[in-house]
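The structure under discussion appears below in the form of structure tokens.
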């Protein structure tokens, strides 16, 4: 189980790229080398003979990856068809990380390896694999079971998977294998027959075969040839089949030789078999054949039906890569044992998002039930006999799968797989009374007749799920080709094995069997012909296998739970990281002091000392002016007093309580700082009302009439604030500060934008306010303003407090009679002081 | 004398009702609501009177066709109110709703700063964390109401224009009316959850800057860039850390049986991202000097 499902088969997004090249591994090399973290040793090794007539060795390019500790068991990685050693690099790195020596090589005819493609012939490709084991037997880095017998496993998908099975049958030095999405019998894979117990060669899978073959045509020198790098016998076999749809006896022998079916009875080592539900090339029936044949005398077989496959499906590469590693750790090294339970991925397909978004539920059971389930249930199915047309030349043809188109195949199954008119017969069940989980192949028995005797009747049967609308879902776009010989007017009864699927069919949904005459992926008879198709029995037999959900997938509820826990942890962390606001204790000695500032300092980053060691108290019932030129630190001081800015030193107290952001004691203060702030889309009245309601003092009286009177806006109070002039906003701002008549009023430059009569009025308002025993603090750079309004003054300059006291005190004993002169005297000449 | 008595209650500051009133009268709120009502009307008008309505292609009410192999979204949308509402959600989830969520969450603190009202709220005093809590809750409520309006308006407009046919997926499988309502609710709820990432990011930006447009724009641009990165296959599993990887998981709610896996991961991602972003916003705002 190598790279195949992992990278290019199971990833629909990537498959869009791969599709144009070839699904079996061309494009992945470029992608995987990008992930390379370890540098493998680049080797050229001698392989088996070039051909039956030339015993010279082919030259195989290989990469040897060494783990940190050696000796270690080795795993040989075989690539998919069209790939090379590079296309398994991701797998190689994964296994090296898990402690294995990994030998990735390009099979003969691929990459830079020489030789011609013989499709895993025992004489050539399998002989090559044995020479690789010979090489590993000479390496000190590889654990040796016996001289010449290294501890080695083989893994691969598709072409590489078949090689793993074949080498396990031919070389008893192999200790464990993992083979994914590969064939059991090349003939029944490419000439598909779904009639049970038929010995008629099946319908030629021409599209897949063509893609397969063309992937081997590319020569290293870019020459166009009809056989490319294929050995002549394989080239001839393909050409005959593709040209005439005929399987020659020689081709039959070649394919039999290259099929694991020939040696499955010899495989006695632990075998991990992967099958893809989305695989019309090597469907689950091929994987099932390998599993049943090997398990006949080997107890150590594990089967996994994953959601990928050659047609795309759902990318489960990570899970499977890990399973692969665990498999080899358990069987080659001393890793924990791994059970042989049967694992099935149930795709919970996404209607809109396609399969890229599909969820996968992992189901398991201890024993492998085979293709037809542990038991079978007959569901009644009905429908009249129907006439169907096999059109001349087989066109137009239904499109069920799009080989090589990867992710689009699922789309085809969903959208394009509509039965063409007149070309199909449909038989449907009643809506199911209870849900059914189908894991495996259903069977149906039909009668086929033709008015004119026909040699070669080709039909395609499919099982569809019909939901609420009449548009049926064709699971994975899989159809079962049927080839019948010698059909005449007398009905011939045939039992058909429908494609193996994994699906939940809900109660209320119906199952339908559609038998059509065309499918573009297959070779069809030249026709035209008309057949009649009727139910032979009214039973659709579906496989029933009780499965249990495994715990290896993460349960859905776990995610929200994790998110919840993380969120709660973040919330707790945020709560713990709440700033510690009460560094300073409450001061009972300041309980009567409206505002006290002690050693307050603010040093901004970059060394600017906005405020430096300022200490003052504002006594109760006074109008105090905080005076200083622009930039003196007045506003910064006020912001610190209001808890807007964190001081870098000292404390501010309001009625003895230390100030911090959100401190309740701030509710004592009504403030107007650096201009008004209102919601422009609301009226002045609404602004005041909402501010009051947001202030946490709703239970007390806002004294709205009083403050509206102070604002003096008249009817404009009901206009939106964005229509106000600067002066109106200013007055509304002061009114907002006075809402509820707080004990302390802090006003920063309150007279900006007011005209002289309004200033005079304001002065009176503040006097009256202080007369009620309340306290007013005004900051201003206008000296005359402070002189006329305030009884006390604090003078700041360059962030420092340079004078404080009553206005009278400051004026006493000075030469000037105005505060301006005093101020000039204190700060010295040369400072710009604005006077009004 | 001692300190005067104080009638102040922390719990009384900036309640959700007050903040809702403060926000709801804003013009941008009105515009957001008008947009999500206008969108379905425009689409209905385009389908009914547009040039493609009479070519018979996807306009029929049969659940949508798939002519030319293209996904005929509009054809599907016109099969009834449920599908129409779903399609409107699909149209708007990637961009319009992201912008609206970013607007409500990104503008909320920064605009207060730009109006100078932030400092007045803080000195009221509204405790800083309480302010953020109220602002975030109101932002989320408004976003949710807009989303709900989009769904309800689309459903009603779609039902009037195209009837009340049940939810039908292009893959077949129509649902009952009750199931349709349930599925649409799940889709809408999941889309609301995926908006948590842009919402949280915008809220953080709102705290970091005083420019409302900067906060909203940054969040939207970051989400768009992350979605572009998500489209780059080469990033591989790194994309799991991008929000866009979970943006479309709601389609799983339209399956015959709902698949929760991707949605559960998406929920977890968005919830954790939101918690982290809001957590950073709170810690930053705690320690910020308010100079606006």
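Summed over region A:296-324, the residues that are more than 13 Å from residue A:271 (Cα to Cα) and more than 23 Å from the chain's Cα centre (by Cα) give a count of 0. Only one entry in B:226, B:208, B:242 is modelled with pLDDT under 85, over 29 Å from residue B:152 (Cβ atoms), away from chain A (no Cβ under 13 Å) and buried (at least 17 other Cβ atoms within 10 Å of the Cβ), namely B:242. So in region B:73-112, with the set limited to residues that are touching a helix residue (DSSP H, G or I) at 6+ places or on another chain (Cβ under 6 Å) and part of a loop (DSSP other than H, G, I, E, B), which one is modelled with the lowest pLDDT? Among them, the one singled out is B:78. The set of residues from region A:277-292 being closer than 18 Å to residue A:460 by Cβ and surrounded by fewer than 24 Cβ atoms within 10 Å (Cβ to Cβ) comprises just one member, A:285. Of the strands (runs of 3 or more DSSP E) that lie entirely inside region A:491-541, those containing 1 or more residues that are under 42 Å from the mean Cα position of the chain (by Cα) and within 14 Å of chain B (Cβ to nearest Cβ) span A:501-505, A:510-516. Among residues belonging to region B:254-269 that are more than 8 Å from chain A (Cβ to nearest Cβ) and at pLDDT 80 or above, point out the one that is farthest from residue B:105 (Cα to Cα). Selected residue: B:263. Do we find that residue A:698 is in contact with a helix residue (DSSP H, G or I) (Cβ under 7 Å, 6 or more places away or on another chain) and surrounded by fewer than 20 Cβ atoms within 10 Å (Cβ to Cβ) in this structure? For residue A:698, the condition - in contact with a helix residue (DSSP H, G or I) (Cβ under 7 Å, 6 or more places away or on another chain) and surrounded by fewer than 20 Cβ atoms within 10 Å (Cβ to Cβ) - is met. Within this structure, residue A:445 fails the test of being touching a residue at least 40 places away in the same chain (Cβ under 8 Å), surrounded by fewer than 16 Cβ atoms within 10 Å (Cβ to Cβ) and away from chain B (no Cβ under 14 Å).
For residues that are part of a loop (DSSP other than H, G, I, E, B) and in contact with a helix residue (DSSP H, G or I) (Cβ under 9 Å, 6 or more places away or on another chain), tally how many sit in region A:69-91. Give the derivation first.
Taking region A:69-91 first, the residues part of a loop (DSSP other than H, G, I, E, B) are A:69-71, A:73, A:79-84.
Filter once more, so that each one left must be in contact with a helix residue (DSSP H, G or I) (Cβ under 9 Å, 6 or more places away or on another chain): A:73, A:79-84.
Residues meeting the conditions: 7.
Kindly check whether there is at least one residue in region A:763-782 that is in contact with a helix residue (DSSP H, G or I) (Cβ under 8 Å, 6 or more places away or on another chain) and within 19 Å of residue A:697 (Cα to Cα). No: region A:763-782 contains no residue that is in contact with a helix residue (DSSP H, G or I) (Cβ under 8 Å, 6 or more places away or on another chain) and within 19 Å of residue A:697 (Cα to Cα).
Does any residue of region B:244-264 turn out to be assigned to a loop (DSSP other than H, G, I, E, B), within 19 Å of residue B:204 (Cβ to Cβ) and in contact with a helix residue (DSSP H, G or I) (Cβ under 9 Å, 6 or more places away or on another chain)? No.
Results for (1) more than 14 Å from every other protein chain (Cβ to nearest Cβ); (2) in contact with a strand residue (DSSP E or B) (Cβ under 9 Å, 6 or more places away or on another chain), shown as yes or no for each residue.
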site	(1), (2)
B:80	no, yes
B:85	yes, no
B:90	no, no
B:143	yes, no
B:153	yes, no
B:167	no, yes
B:181	yes, no
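Is it true that residue A:127 is within 22 Å of residue A:177 (Cβ to Cβ), touching a strand residue (DSSP E or B) at 6+ places or on another chain (Cβ under 6 Å), modelled with pLDDT of 90 or more and outside any strand (DSSP E or B)? Considered against the rule, which asks whether it is within 22 Å of residue A:177 (Cβ to Cβ), touching a strand residue (DSSP E or B) at 6+ places or on another chain (Cβ under 6 Å), modelled with pLDDT of 90 or more and outside any strand (DSSP E or B), residue A:127 comes out as yes. In the set (1) touching a residue at least 12 places away in the same chain (Cβ under 8 Å); (2) within 53 Å of the chain's Cα centre (by Cα); (3) part of a loop (DSSP other than H, G, I, E, B); (4) over 18 Å from residue A:668 (Cβ atoms), residue A:584 fails one condition alone, (4). When the strands (runs of 3 or more DSSP E) confined to region A:326-420 are screened for residues that are at pLDDT below 90 and more than 30 Å from residue A:294 (Cβ to Cβ), those reaching at least 3 such residues are found at A:342-350, A:354-365. Filtering region A:188-201 to residues that are in contact with a helix residue (DSSP H, G or I) (Cβ under 9 Å, 6 or more places away or on another chain) and surrounded by fewer than 22 Cβ atoms within 10 Å (Cβ to Cβ) leaves A:188, A:201. In the set (1) touching a helix residue (DSSP H, G or I) at 6+ places or on another chain (Cβ under 9 Å); (2) surrounded by 18 or more Cβ atoms within 10 Å (Cβ to Cβ), the condition left unmet by residue A:633 is number (1).
Here residue A:778 passes the criteria (1) crowded, with 21+ Cβ neighbours inside 10 Å; (2) assigned to a helix (DSSP H, G or I) except the one numbered (2).
When region B:107-130 is filtered for residues that are more than 7 Å from chain A (Cβ to nearest Cβ) and closer than 19 Å to residue A:736 by Cα, the ones remaining, listed by number, are B:112, B:113, B:114, B:118.
Scanning region A:616-630 for residues that are closer than 11 Å to residue A:595 by Cα, more than 10 Å from chain B (Cβ to nearest Cβ) and surrounded by fewer than 22 Cβ atoms within 10 Å (Cβ to Cβ) gives A:616, A:617, A:619. Report, by residue number, each residue of region B:16-34 that is more than 7 Å from every other protein chain (Cβ to nearest Cβ) and out of contact with any helix residue (DSSP H, G or I) (no Cβ under 7 Å at 6 or more places or on another chain). Within region B:16-34, B:17, B:24, B:30, B:31, B:34 qualify. Under the condition of being under 17 Å from residue A:180 (Cβ atoms), in contact with a helix residue (DSSP H, G or I) (Cβ under 7 Å, 6 or more places away or on another chain) and either outside any strand (DSSP E or B) or free of Cβ contacts under 8 Å to residues at least 24 places away in the same chain (or both), the residues counted in region A:92-115 number 3. Put simply, of A:178, A:198, A:209, A:192 the only residue that is closer than 23 Å to residue A:459 by Cα and in contact with a strand residue (DSSP E or B) (Cβ under 7 Å, 6 or more places away or on another chain) is A:192. From the list A:592, A:613, which one is within 10 Å of chain B (Cβ to nearest Cβ) and within 22 Å of residue A:806 (Cα to Cα)? It is A:592. Reported count of residues in region B:1-17, each being buried (at least 16 other Cβ atoms within 10 Å of the Cβ) and touching a residue at least 60 places away in the same chain (Cβ under 8 Å), is 3. Taking the criterion of being within 9 Å of chain B (Cβ to nearest Cβ) and within 22 Å of residue B:285 (Cβ to Cβ), the residues of region A:655-674 that qualify are A:661, A:662, A:663, A:664, A:665, A:666, A:667, A:669, A:671, A:673, A:674.
The values are calculated or read from the model by the stated rules, or taken from the named source; none is laboratory data. Given the structure is predicted, the values throughout are model-derived calculations rather than measurements. So basically every Cβ, Gly included, is an ideal-geometry build from the backbone, and we count neighbours across all protein chains shown.
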